[in-house]
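To start, the structure under review is shown below, and the notes come after it.
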Amino acid sequence: MWGMLIKGLQAFLDYVESITGSYGIAIIAFTIVVKTALYPLTLKQQKALLEQRKYAPELQKIQEKYKKKPEEMQKKMMEFYRKHNYNPFGACLPLLLQLPIIYLLLGAIRGHDFKNQGFLWVPLLTQRDPYYIWPILSTSFMLLQHKIQQKLNPTPPATSGNAPDMSSTNMIMTIFIGFITTTLPAGLVIYWTISNAVTLIQYLMIYRKLGGSAEEVQKA
């Protein structure tokens, strides 16, 4: 099954390349198709995250009330999450959705020579970017995403004094992923960069549409 999906993706890339003459453009076209298909899920998630913004003051009150009782604070926070169906780690969903697609594209790249083509400054799509420009671009777009995400859904208070701040955790993960992209084939990093750029545009569109107040979410 997985092998058939890889061959199907390779056939799609070959078809687009036969029209455009560039596998780089073919990868970008695949990225846009994927992001367009996932947009309804992205919109739904961002609506939910924006609505949760109204819970931040209540979470702060719980933290202040039980700051000397970490175990009780944890219990109250978990009760609050269950009551309001709130998932503080919901921002991880887009990345989780991307993982199977990334593995699929990686399999397609490893099993294809792409006619030894490069793209822009990259000599070969099957090798890493020797100038690290695509990894830098992808990391920059991810950092901008997190900035928009914070506006859409400010990070709720930590559940205890020892709990990590989610914004700091996201920053560390972004830098770590950015480092990983320096070791990956350029074709895959091009996908990741364009995907992050499109996601950033989608976040800006959603923020413009829904960013006013939690009440506006209900009308959207």
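Results, tabulated for the structure shown:
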| quantity | calculated |
| --- | --- |
| Meets criteria (modelled with pLDDT of 75 or more, touching a Phe, Trp or Tyr at 6+ places or on another chain (Cβ under 9 Å), surrounded by 16 or more Cβ atoms within 10 Å (Cβ to Cβ) and under 15 Å from SER195 (Cα atoms)) for ILE101 | yes |
| Residue match in the stretch 164-183 (condition: modelled with pLDDT of 75 or more, out of contact with any Gly (no Cβ under 7 Å at 6 or more places or on another chain) and not in a helix (DSSP H, G or I)) | yes |
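The values are calculated or read from the model by the stated rules, or taken from the named source; none is laboratory data. Remember, predicted model here, so these are calculated numbers, not experimental data. Using ideal geometry, Cβ is built from the backbone for each residue, glycine included, and neighbour counts are taken over all protein chains shown.
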